[in-house]
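Note sheet for the following structure.
Nothing in this text is a laboratory measurement; each read-out follows from the coordinates by a stated rule. Here the structure is a predicted model, which means the values were calculated and not measured. Glycine gets a Cβ as well: all are built from the backbone with ideal geometry, and neighbour counts include every protein chain shown.
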Amino acid sequence: MVTKKIILFIFLYSFSNSLFAQDTDSIIGKNNIKELEEVIVIDQKDISGKHSKALSSLDNFLESNNAINMIKRGAYAWEAAINGMSTERSVITIDGMRIYGACTDKMDPITSYVEITNLSKAVIKGGQGGGAHGATIAGSIDLIRQHSNFDNSGLKGSIFTGFETNNLQKIAGAKLDYSTKKFYSDFDFTIRDAENYKAGGNEEILYSQFSKFNMSANVGRKINEHQDLSASVIYDRAWDVGYPALPMDVSLAEAFMGSVKFQKHHISSYIHHWESKLYFNKVIHIMDDTKRPIVPIRMDMPGWTSTGGFYSFINGERGKHNWKASVNGHINRSYAEMTMYPADVNEKDMFMLTWPDVSTYFASVFLEDNYYLDDNWSSNLSIGSSIQTNTINDSFGIESLRIFHPDLNSIKTRWLKNIGYSMNYYKRNQNINFGLAYSERAPSVSEAYGFYLFNSFDRYDYIGDPNLNNEKSIELNAAYSIALKKGFVKVQANYFRMYDYIIGKIQPGLTPMTINANGIKKYEALENANIFNANLSLNYNILKQVNASFRLIYRYGQGNDLPLPLIQPFSYGAVVRYEPNKYVFEINMEGALKQINYSTEYGETPAPAYTIFNLSASRDFSFLKQTILLKTGIENLFDTHYSTFADWNRIPRMGRNVFVNVIYKF
Amino acid sequence: MKTIKYLSIIILFFGLFSCVKTKKQPIQTNPLEGKTLVQKIQNNNHNIALYTENGKFKVGYNKIFIQISKLDNSIVENANISWKPLMKMTSMSHSCPFSDLNLVDQSKSVFEGYIVFQMASNETEFWDLSFEYTLDGQNFQAHDTVHVSESLFKNIVSFTGSDNVKYLIALVAPQNPKIGLNNMSALLFERASMMSFPTLNNYSINIDPRMPSMGNHNSPNNEHLSQTNGEGLYNGKLSLTMTGYWKINLQLLDKNKNVLKGEDVTPENESSSIFLEIEL
């Protein structure tokens, strides 16, 4: 019975499918049915000493996951690629909310509009398993909102500050939580401000500065023992953000998100939990070239998106079944324009719509069932279906796109399907999981409706195609893990066979709009593409207070027999932690071999091999129910000048950096 | 149950947003509807009213509608009319390309035609427009000065081809260019003499629109102008990807596709020697 309750608890809490709750501490227990679901803990409440740099950006936290690569265009707003696939192929949500970045050049992935103080954890699901919040091929990241509970803990809070020497980053913020048995409210804000960073050898990377302010609040009200209502808002504003790898910077990236959530527990013996949310968000993104002394032409490129939506899910169990059903829908409107100012002031401004006021209407159903065959075997079946309609609202935009697609219809509806099945075998300390899935996705706004979007990586202007086929993927995955007396070993691999893989193809004979660009690419469908990902994690307690972990990651991507761009070469990492008493010391090594498979067609050059070392130390001081956590460390200890496959235009990464984080909690 | 309720609300919501508006085109009955009066030329018996789209004559191609009325304003039908524009300069006079006047479809009183004015009026040089018409076997004449204003952008181009023939190309459409694919047409004339400008058939005109202010880039999916209908009229498609100033580089080809005038635009050669201009 007890076990069952624990199972339930975990199930409700993380919406995961954990079964073997007795192992929650080990990596095996956390995600056994769906090996492809993983959790990154972000909330400072829980991490205390665990993460070497408590006040890292969310991007740093996400990067620690084996399935995720962060594509960097500078020091800020990295783009999370899951399983070697860029954000068009994944669904990233903030507490279940769909948000669309407002930048046509992906300078504002939605992960850039939240702060670590807003979040408790990130739930990462690989492949079709991420289909609960939208159509995905690569997987999903759901950034779970941090909030208090109805636990009558009164007033609690924290004040934190941090400093980093390399880019003079200053971090400051505070959190204030208040909770009674029937009510809670949370408030937090964070400010970050950084100058240009310096790569190894003291090379200043111009236009890598950023400033960010983030603020969020929650309120929750218990209606009765099993029902509660809560509301949440997040406001995020970044300004003066440099993008050294791009020809332009950002003067403003601003987002507002608000939501209201209702949840009900213990509905019947079969239905345990019902949760529904209504949400709205708005993003403004304004690019800026005024800081660049030499540009071929001055231009403004603002973009706006607004999204409203809902989700509702219930879960429960019956007999050997443990199930979840969810529906969700959203309406998005994306608009981006470009104005170029001719040198001759008597000439009219040159204006075009780069996103022609596109509306997306999306509705989806996702069902999931875990079936426990016996003590060792279980299976997971999930099936989902979505309808997506896109309309172009601006006649100027329709006429623009008709240059390339003369018979363009302003309305396009797609039906998207996905299904996945996995089997899990668990015995004593071993867990084996294998799965097969099929999923589809619709082209993104840029892929379908983009108009002369300059990609500074391959230096082509990209044109969308509204009539692209849905991209389809067949996915195979397998994982094996074993818990040892003093650690664990885990191996994961997945393979995606994709059809109608959407990627830009050169259009000979067309000249680009952007000055000095190489040409025009139109989004087209490759007949097929293959991506393979594999990783190995080892963890071993050498001594009682000394733990070592090690990871290897390998990816391979190929489309129509040519390498795909931005695929991680063979990479490795190792951490040794020593935790005497209230101290934590950590040595961290990470690196990659030289990139062998790279895509010259997409402007890629082979990323060289590198290895860097980081050191950190932290200590807890507790007194009178108060804690001061002090963390310090040196990143890139030997000031190595390096750049990885994920660095846009091979912009070098940060050199030696000393950081100090101080967190005071009461 | 609640979920179903919820769902149906959402579906309704989606339905509301997905409605499509369609506008019905009104059926045009009066050919002068939407046209603006430029001026009336009067004689002792009649008024000849001149209409254009915007109430002005400008350098370049002008589509002109005329209607004759008696002095009591009653409209005259079934006239037989011809016209002639003449530029009166201090030392000489010359004409310009113009069409015959023909009755507009399904009208008995409204005539249409075009004049391609080659230059603007000024204090000492002016255009005189004269009419001759017969009504019930009686001949009438009328003439007056008309004001022709300068065009901001080059919409006619005169040149001598490699065959030593003097040509004139006039931009007919688009008069109000839009973003996207525009129907483009131009008229081709020979400048045979100061008074004679016959239209030329069976040539072709290649176009290469460029934006000199933005790296001299061009636009995709243009269609060169070729003759499909009409005396001296050449039609094609002009794609304009953004607002601003566009230079439409031209090449004139004879029926054997020999280039008579105009050069390819290349990184070294920014512009053809013959071109038209558009700003939108």
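When you restrict to C-alpha pairs under 8 Å that are six or more residues apart and normalise by the size of chain B, the relative contact order lands at 13 percent.
In order along the stretch A:66-78, the phi-based Karplus estimate (6.51 cos²θ - 1.76 cosθ + 1.60, θ = phi - 60°) of 3J(HN,Hα) comes to 5, 7, 10, 10, 9, 7, 10, 10, x, 8, 9, 6, 6 Hz; Gly and Pro are listed as x. Residue-normalised convex hull volume from the C-alpha trace of the stretch B:124-165: 179 Å³ per residue. Each listed q (0.12 Å⁻¹) maps to a log10 I(q)/I(0) for the stretch A:241-303 from the Debye sum over equal C-alpha point scatterers, namely -0.53. Semi-axes of the equivalent ellipsoid for the stretch A:316-466, computed as √(5λ) from the eigenvalues of its C-alpha gyration tensor and ordered from largest down, come to 47, 18, 12 Å. Listing A:His133, B:His94 from fewest to most neighbouring C-beta atoms within 10 Å gives B:His94, A:His133.
Hand me the chymotrypsin sites (Phe, Trp or Tyr not before Pro) from the stretch A:599-651 located in a DSSP loop with no more than 15 other Cβ atoms within 10 Å, in residue order please. Could the numbers behind the result be given before it?
Working: sites: A:Tyr602, A:Tyr610, A:Phe613, A:Phe621, A:Phe623, A:Phe638, A:Tyr642, A:Phe645, A:Trp648; in loops: A:Phe638, A:Tyr642, A:Phe645.
For chymotrypsin sites (Phe, Trp or Tyr not before Pro) across the stretch A:599-651 that sit outside H, G, I, E and B with at most 15 neighbouring Cβ atoms in 10 Å, the list reads A:Phe638.
Excluding B:His46 itself, calculate the net charge of residues whose Cβ lies under 11 Å from the Cβ of B:His46, where each Lys or Arg counts +1 and each Asp or Glu counts -1.
Working: positive: B:Lys40, B:Lys70; negative: B:Asp72.
After counting each charged neighbour, the total is +1.
With semi-axes defined as the square roots of five times the eigenvalues of the C-alpha gyration tensor, the equivalent ellipsoid of the stretch A:227-338 measures 44, 13, 12 Å, largest first. With Cα atoms defining each centre, the stretch A:538-580 and the stretch A:110-131 are spaced 21 Å apart in the structure. Other protein chain C-beta atoms within 10 Å of residue C-beta, averaged over B:216-224: 4. Taking a straight Cα-Cα cut-off under 18 Å and skipping sequence neighbours fewer than 8 places away in the same chain, the lysines within cross-link reach of A:Lys222 are A:Lys181, A:Lys182, A:Lys261, A:Lys264, A:Lys277. Over all pairs of different C-alpha atoms, the stretch A:298-354 has a mean inverse distance whose reciprocal, the Kirkwood radius, equals 15.7 Å. A simple spin-label model places pseudo-atoms 7 Å from Cα toward Cβ; at A:Lys182 and B:Asn258 they are separated by 9.9 nm.
Rounded, prolate or oblate: which fits the stretch A:95-207, taking a ≥ b ≥ c as square roots of the Cα gyration tensor eigenvalues, rounded meaning a/c under 1.5, else prolate when a/b beats b/c? Oblate shape, in that a/c is at least 1.5 and b/c is the bigger or equal ratio. Rg over Rh for the stretch A:164-265 works out to 1.19, both radii taken from alpha-carbon positions and Rh defined as the Kirkwood radius.
Restricting the calculation to alpha carbons of chain B gives Rg and Dmax of 23.8, 93 angstrom. Counting only DSSP H runs of at least 4 residues, each contributing -39500 (n - 2.57), and dividing by the residue count of chain B, the helix-based mean residue ellipticity at 222 nm comes to -2000 deg cm²/dmol. In this structure the amide hydrogen of A:Gly139, modeled in the peptide plane, comes within under 5 Å of the amide hydrogens of A:Val91, A:Gly127, none closer than 5 places in sequence on its chain.
Backbone amide hydrogens, once placed in the peptide plane, bring A:Thr511 within less than 5 Å of B:Asn218, excluding anything fewer than 5 places away on its chain. Helix B:2-17 and the longest principal axis of the C-alpha atoms of chain B enclose an angle of approximately 10°.
Which of A:Lys544, A:Lys72 has the fewest other C-beta atoms within 10 Å, and how do the rest follow up to the most?
Fewest to most other Cβ atoms nearby, the residues stand as A:Lys544, A:Lys72.
Partner lysines whose Cα lies under 24 Å from the Cα of B:Lys70, excluding those fewer than 8 positions away in the same chain, are identified as B:Lys35, B:Lys40, B:Lys56, B:Lys84, B:Lys108.
Shape of the protein assembly as shown from the C-alpha gyration tensor: prolate (a/c of 1.5 or more and a/b above b/c, with a ≥ b ≥ c the square roots of its eigenvalues). When you work out D = kT/(6 pi eta Rh) for the stretch B:136-280 at 20 °C and 1.002 mPa s, using the Kirkwood radius from C-alpha pairs as Rh and the Stokes-Einstein form, the result is 131 µm²/s.
The three principal axes of the Cα atoms in the stretch A:367-447 give end-to-end lengths of 64, 19, 16 Å, sorted in falling order.
Of B:Thr90, A:Thr111, B:Thr145, the sequence from fewest to most neighbouring Cβ atoms within 10 angstrom is B:Thr90, B:Thr145, A:Thr111.
Counting, for every residue in B:236-244, the Cβ atoms of other protein chains within 10 Å of its Cβ and taking the mean gives 6.
If you take every DSSP beta bridge fully contained in the protein assembly as shown, what fraction is antiparallel? Give it as a percent rounded to 5. Within the protein assembly as shown, antiparallel bridges account for around 95 percent of the total. Each Cα pair under 8 Å and six or more residues apart adds its separation to the average, and for the stretch A:494-559 the resulting relative contact order is 33 percent.
Spatial offset of the stretch A:402-425 relative to the stretch A:139-199 amounts to 38 Å, using the alpha carbon center of each.
When each of the peptides A:391-401, A:375-385 is scored by how many other beta carbons lie within 10 Å of its residues on average, the order from highest to lowest is A:391-401, A:375-385.
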